[in-house]
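Q: Below is the structure I would like to discuss, written out as structure tokens.
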Amino acid sequence: MQENAMEASEFHEKTGRILDAMHRVIDGKDEAIRRSLVVLLAEGHLLVEDVPGVGKTMLARALAAAIDADARRIQFTPDLLPGDVTGVSVFSPATGGFEFSRGAVFANIVIADEINRSSPKTQSALLEAMEERQVSIDGTTHELPSPFVVVATQNPIEMDGTYALPEAQLDRFMIRISMGYPDAEAEQLMLRQRDTRDPLDDLRPVVTLDGVIRLIDFARRVHVSPLIEHYAVAVARATREHPDLRLGASPRATLQLVRAAKAAAALEGRDYVIPDDVAGLASAVLSHRLIPNAHTGAKSFNVAERIVDDVVRRVPVPVAGG
């Protein structure tokens, strides 16, 4: 164990402050807030999909504002170029050579707003950054800061002016969530609170960047038993063999499911993962990576979610000593 390893009490105090700060901005969306923090702690990336106006961007901005890290927002539009995201080499008259001008992706938290309104070519500019945490321009590799998290929002693909994210891009997102409409009480509270002022204006960082790195290290050290590993693999393999799926979960999906389960366990006050951690996150981690057969509704997230839920019900839950 590292000498400066975080204690459980400090972990819960700091994550509690992050959750409280986000709750002051986002009303009635406890699960979405908690899963966004799971993604941060598990060093993943988050995809928030829903109709316009339900708080997708607000959730991303609240997470970025709650921690003292460099955050940048990219508004994805049809005319956005890959170089706007990753950066470009620019000729410098002073030096007579080319110098690298960093793009908006060089930040700890990158808010990719309405990512599916840009062309597939621009969307793919994020692939290397999300997987390798680096950008290669003109044969030179540029490391991205740590931690590095992409929080992307997208409108449903049925809406005008959207491009469906390719499977390779979707597979880079650890968790996909949907905000949904707020209940009547939360919506009424929003009317009162935001009539004259944006609550984000009052949100200040509650954890330092070093604190975030130590939170991530704490979650990384949560124990996963061989039984839990076997269970996660069984769930993923069951999607590959499901008759209603043309494409099942990738090995990357299995890895990210376990990482997310470790972060969720830490938030629940445990230093070990239980089957409920895996089962509870299976749909959010796996469904956006699956492709249903044509007769079930191709690329329908709702269909994929139902299939994952069915898989979780059918795969035997491991029992200690069994």
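The values are calculated or read from the model by the stated rules, or taken from the named source; none is laboratory data. Note that the coordinates shown come from a computational prediction; the quantities given were computed from them, not determined experimentally. Quick reminder, even Gly has a Cβ in these numbers, built from the backbone with ideal geometry, and neighbours come from all protein chains shown. Each accessible area value is taken on the protein alone, full model and side chains, heavy atoms only, with ligands, DNA and RNA left out. Shrake-Rupley method; radii C 1.70, N 1.55, O 1.52, S 1.80 Å.
Q: Give me the dipole magnitude in Debye, nearest 20, for the chain about the Cα centre, with unit charges on the beta carbon: positive for Lys and Arg, negative for Asp and Glu. Numbers along the way, then the final one.
A: Working: 35 positive and 46 negative charges, 101 e Å.
Using only the charged Cβ atoms, the result is roughly 480 debye.
Q: Still on this structure: Return the long-range amide H neighbours of V149 (sequence gap of 5 or more, or a different chain), with a cut-off of under 5 Å between placed amide H atoms.
A: For V149, whose amide H was placed from the backbone, the distant partners under 5 Å are I109, V110.
Q: Could you rank R17, R172 by how accessible they are, 1.4 Å probe, largest area first?
A: On the way: R17 85, R172 45 Å².
Of R17, R172, the descending order of accessible area is R17, R172.
Q: I would also like to ask the following. Just need the relative contact order of the range 203-297 here, percent rounded to a whole number, with Cα pairs under 8 Å and 6+ apart.
A: Values: 98 pairs, mean separation 31.6, N = 95.
33 percent.
Q: Separate question: Determine ³J(HN,Hα), in whole Hz, for all residues of the range 110-116 in sequence, where each value follows from phi through the Karplus function 6.51 cos²θ - 1.76 cosθ + 1.60 and θ = phi - 60°; x replaces Gly and Pro.
A: Karplus-based 3J(HN,Hα) across the range 110-116 equals 10, 8, 9, 7, 6, 4, 8 Hz.
Q: Just to check I understand the Karplus step: with θ = phi - 60° and J = 6.51 cos²θ - 1.76 cosθ + 1.60, what whole-Hz values come out for the range 180-187, glycine and proline as x?
A: Couplings: x, 6, x, 6, 4, 5, 5, 5 Hz.
Q: Let me ask another. Around D277, with a cut-off of 14 angstrom between Cβ atoms, what is the net charge of the other residues, counting Lys and Arg +1 and Asp and Glu -1?
A: Values: positive: R34, R35, R259, K262, R270; negative: E229, E268, D271, D276.
Summing Lys/Arg as +1 and Asp/Glu as -1 gives +1.
Q: Another question, if that's okay. Using unit Cβ charges (K, R positive; D, E negative) and no other charged atoms, how large, in debye to the nearest 20, is the dipole of the range 93-165 about its Cα centre? Could you put the intermediate results ahead of the total?
A: Working: 4 positive and 10 negative charges, 20 e Å.
In total the dipole reaches around 100 debye.
Q: Here's a follow-up. Return the long-range amide H neighbours of F98 (sequence gap of 5 or more, or a different chain), with a cut-off of under 5 Å between placed amide H atoms.
A: S92
Q: Given C-alpha coordinates of the range 53-122, what is the ratio Rg to Rh with the Kirkwood estimate of Rh?
A: 1.09
Q: Could you tell me the convex hull volume per residue, in Å³, taken over the Cα atoms of the range 216-322?
A: On the way: hull volume 9.8 nm³, N = 107.
Residue-normalised Cα hull volume stands at 92 Å³.
Q: Using alpha carbon centroids, what distance separates the range 190-252 and the range 51-98, in Å?
A: Cα centroid of the range 190-252 versus Cα centroid of the range 51-98: 22 Å apart.
Q: Return the Cα extents of the range 1-91 along principal axes one, two and three, sorted largest first, each rounded to a whole Å.
A: Each principal axis gives a Cα extent; for the range 1-91 these are 49, 37, 18 Å.
Q: List every residue whose amide H lies under 5 Å from the amide H of S118, counting only residues 5 or more places away in sequence or on a different chain, with H placed 1.01 Å from N in the peptide plane.
A: Y163
Q: Can you give the Rg and Dmax of the range 74-169 based on its C-alpha atoms, in angstrom?
A: 14.2, 49
Q: In bins 5 Å wide, starting from 0, what share of all Cα pairs of the range 162-269 does each bin hold, as a percent?
A: 2, 8, 12, 13, 14, 14, 15, 11, 7, 3, 1
Q: In Å and from the alpha-carbon atoms only, list the Rg and Dmax of the range 23-146.
A: 16.1, 56
Q: If you average the sequence gap of Cα pairs under 8 Å that are 6 or more apart and divide by the length of the chain, what percent do you get for the contact order? Intermediate values should be presented prior to the final figure.
A: Values: 554 pairs, mean separation 67.8, N = 322.
Dividing the mean separation by the residue count of the chain yields 21 percent.
Q: To the nearest 500 deg cm²/dmol, what mean residue ellipticity at 222 nm is calculated for the chain from DSSP H runs of n ≥ 4 alone, each contributing -39,500 (n - 2.57), summed and divided by the residues? Please report the intermediate quantities before stating the final value.
A: On the way: 14 runs with 143 residues, N = 322.
That comes out to -13000 deg cm²/dmol.
Q: Computed over the Cα atoms of the chain, what is the convex hull's projected area averaged over all directions, in nm²? Walk me through the numbers before you get to the answer.
A: Values: hull surface 79.9 nm².
For the chain, averaging the hull's shadow over all directions gives 20.0 nm².
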